[in-house]
Amino acid sequence: MRVPRLVGLMAVDARETARAWGLFLNAPDRPDFPHTVVDHVVRQYPQPGAEVPRESLVYVWFDFGEGEGGGGVREPRIPRPPRGGPQRELDEPGDPCAVVGFGSP
């Protein structure tokens, strides 16, 4: 039997899918896994499509581990954008709260 894809499913749906395929789930990062409902699976082992015997144990995780997934590192961007081109001229420093209107000297 092949392992179904559980990543992206809510905990309750992952349990039902595993049960329908004759598999058991274990969540090492959730001791309260039987009560977990709406959290989404972010990783699984064995991978989807792997051949396993019926009643095998599939591990699922709901949190990314250290250095995994998430948003990743966004900076620094390499290569950097080229320098040059038109520059925006900044206003002269002054009172940022000054109100200039008609009839002002």
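Arranged from highest to lowest average of other beta-carbon atoms within 10 Å per residue, in what order do the peptides 3-15, 33-45 appear?
3-15, 33-45
Find out how many positive minus negative residues lie around Ala11, taking Lys and Arg as positive, Asp and Glu as negative, among other residues whose Cβ is under 14 Å from that of Ala11.
Residues close to Ala11 contribute a combined charge of -2.
Spin-label point model (7 Å from Cα, Cβ direction): what's the Val52 to His40 distance in nm?
2.2 nm
None of the figures in this text is laboratory data; all of them are computed from the coordinates on show. What you see is a predicted model; the values in this text were computed from it and never measured. As a convention, Cβ positions derive from the backbone with ideal geometry for all residues, glycine included, and neighbour counts pool all protein chains shown.
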